[in-house]
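All remarks here apply to the structure that follows.
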Amino acid sequence: MTDKSWHLDRRSFLRGAGVACALPYLEAMEGAARARPKAAPKRMCFVSFPNGAALPDAKDEENRRWRWFPDGEGESFEFTDVLRAMEPFRDQLSIHGGLSHPLSRELLGHLAGDTWLTAGDARFESYKNRISVDQVAATAMKAETRYPSLALSSDGGVGYKSRVSTLSFDRHGKPIPAESLPRLIFERYFAAQGGSSVADRRKSLGRGKRVVDLVLEDSRQLHRRLGSQDQQKLDEFLGSLSQVEEQIERNESWLDRPMKPFDASGIERDALSGVDPNAYLRSMLDLIVLAFETDLTRVATFQMAREDGMGPGDKYPSLALGIKKGHHTISHDNAKGHWEEWGRLDQWYAGHFAHFIGRMAAVVDEHGPLLDRTQVLYGSCCSTTHNARNYPLMVVGGSALGVKHGRYTVHDEKHTPMSNLLLSMLHAGGIEAESFGDSTGPLADYA
């Protein structure tokens with residue numbers, strides 16, 4: 001039994017030599033929560049992949065298994081091989097076809113990445129971007145958490161107009177720099193008071209020691225005062241924390257290895273290249289789970305890779321799947337096997353996303369699984385090569401917010417812009433915006 005004569009604050013930390021680590025929700029925090037009641041959290045997360053998706057003709061029997069969109073519509077849809085990893089979450093997701101941003105439909109597809117979450121105008125000289133939907137949500141929710149939002153990408157920084165390396169834009173339509181280095185993200189948000197670089201942090205931690213090692217004594221003292229369920233929850237959280245840092249260490253081991261000479265003139269200086277992409281994506285997505293679990297933020301964006309063959313993401317097919325082509329090249333290639341290569345890459349991205357959703361469903365706070373109170377939008381800013389229409393889009397989670405799932409809907413492009421979906425997400429998140437971007441109203445069957 002938990003000692004009810006004392007209570008933990010919801011914002012409690014474990015402390016060690018130079019680090020302070022936020023705790024997840026524990027039953028011992030119930031008394032403090034009752035004393036200062038707060039509304040149950042409503043979270044949003046946006047995850048994108050670049051260059052569109054494999055969409056062979058639905059009548060192409062040889063290649064239809066690699067089509068991103070499912071077979072059939074409504075509740076009777078069937079996943080192809082591409083999204084098969086999402087089958088366990090079928091009742092917790094909805095797939096949307098036919099949606100796009102009207103101002104982006106005539107753009108070369110890769111340019112539309114700037115507008116995926118903004119619905120802004122990126123047409124040539126007129127470039128007038130808008131605030132992104134995540135920042136609308138972050139502004140409304142920022143008083144509830146330590147950080148308004150997390151902006152993450154594989155490249156970091158902001159990139160440049162038409163090839164941004166972030167999904168997030170402020171109220172003036174200016175890009176918000178994304179963070180790309182898992183170690184620095186981990187130290188900033190989960191081990192406060194860390195150094196300013198990987199090298200500095202290694203010195204402060206001591207070689208071979210992780211954050212869990214440094215807070216061990218504090219965690220032991222806390223462990224003794226907790227009830228059995230809280231003890232188990234604390235052990236699971238520390239295990240997750242250690243696992244994420246172990247993944248980060250594996251990536252860092254690659255950073256220490258000399259690389260062959262290459263032209264870096266078109267790559268951001270803080271881009272993460274030469275890493276194991278499986279460990280990298282896993283680390284970044286697990287960091288978002290930790291951020292939601294500890295309630296550090298309720299809004300996050302993650303650009304898994306950058307548009308148009310730029311940055312480290314273009315090497316993922318070779319490093320992860322042994323496909324000797326870049327992602328951008330695959331999206332343009334018409335050689336035999338083109339659809340299978342593209343489909344396998346889409347399948348690989350979807351597998352990492354499925355892992356993320358599985359973690360969100362497994363981690364529980366005082367209100368239930370994180371996924372039940374989190375809307376996650378997954379997709380791309382174009383469909384096939386350079387086509388900024390019919391975006392591949394999937395919404396997962398948010399059942400406790402009233403979001404309806406278990407179907408594939410093909411919307412009428414003439415009457416339904418993607419902004420209607422984004423507006424619907426805001427409304428389900430408790431943000432009563434009258435409109436967003438060029439929306440004409442919320443989706444009728446969203447929630």
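The values are calculated or read from the model by the stated rules, or taken from the named source; none is laboratory data. None of the values given here were measured: they were computed from a predicted structure. Here the Cβ positions follow ideal geometry from the backbone for every residue, glycine too, while neighbour counts run over all protein chains shown. When the accessible area is computed, the model is the full protein with side chains, heavy atoms only, and any ligands, DNA or RNA have been set aside. Shrake-Rupley method; radii C 1.70, N 1.55, O 1.52, S 1.80 Å.
How many of the residues in segment 406-447 are surrounded by fewer than 19 Cβ atoms within 10 Å (Cβ to Cβ) and in a loop (DSSP other than H, G, I, E, B)?
Residues flagged as surrounded by fewer than 19 Cβ atoms within 10 Å (Cβ to Cβ) and in a loop (DSSP other than H, G, I, E, B) within segment 406-447 amount to 17.
Quick one: is residue 166 modelled with pLDDT of 95 or more, part of a loop (DSSP other than H, G, I, E, B) and farther than 26 Å from residue 414 by Cα?
Yes, satisfied.
Can you tell me which of (1) modelled with pLDDT of 75 or more; (2) loosely packed, with under 14 Cβ neighbours inside 10 Å is the one residue 197 doesn't meet?
Going through (1) modelled with pLDDT of 75 or more; (2) loosely packed, with under 14 Cβ neighbours inside 10 Å one by one, residue 197 breaks only (1).
I need the full set of residues from segment 147-190 which are among the acidic types (Asp, Glu), open to solvent by less than 30 Å² (accessible area, probe 1.4 Å) and more than 26 Å from residue 22 (Cα to Cα), in order please.
Correct list: 155 only.
Looking only at segment 86-110, how many residues end up being touching a residue at least 40 places away in the same chain (Cβ under 8 Å), out of contact with any strand residue (DSSP E or B) (no Cβ under 8 Å at 6 or more places or on another chain) and either hydrophobic (A, V, I, L, M, F, W, C) or surrounded by fewer than 22 Cβ atoms within 10 Å (Cβ to Cβ) (or both)?
Number satisfying all stated conditions: 8.
What number of residues within segment 374-403 are over 13 Å from residue 425 (Cβ atoms), out of contact with any Gly (no Cβ under 7 Å at 6 or more places or on another chain) and of a type outside the set (Gly, Ala, Ser)?
Of the residues in that region, 1 qualify.
What strands (runs of 3 or more DSSP E) lie completely within segment 1-115 and have 2 or more residues being modelled with pLDDT under 80 and over 24 Å from residue 385 (Cα atoms)?
Of the strands (runs of 3 or more DSSP E) lying wholly inside segment 1-115, those with at least 2 residues that are modelled with pLDDT under 80 and over 24 Å from residue 385 (Cα atoms) span 13-16, 19-22.
Six or more apart or on different chains, Cβ under 8 Å: which pairs go from a residue in segment 427-440 that's touching a residue at least 12 places away in the same chain (Cβ under 8 Å) to one that's of a type in the set (D, E, K, R)? Could you list them?
Note: pairs meeting the criteria are 428/42; 429/42; 429/43; 430/42; 437/130.
Say we look at segment 121-146 and pick out the residues that are in contact with a Ser or Thr (Cβ under 6 Å, 6 or more places away or on another chain) and hydroxyl-bearing (Ser, Thr, Tyr); which of these is surrounded by the fewest Cβ atoms within 10 Å (Cβ to Cβ)?
145
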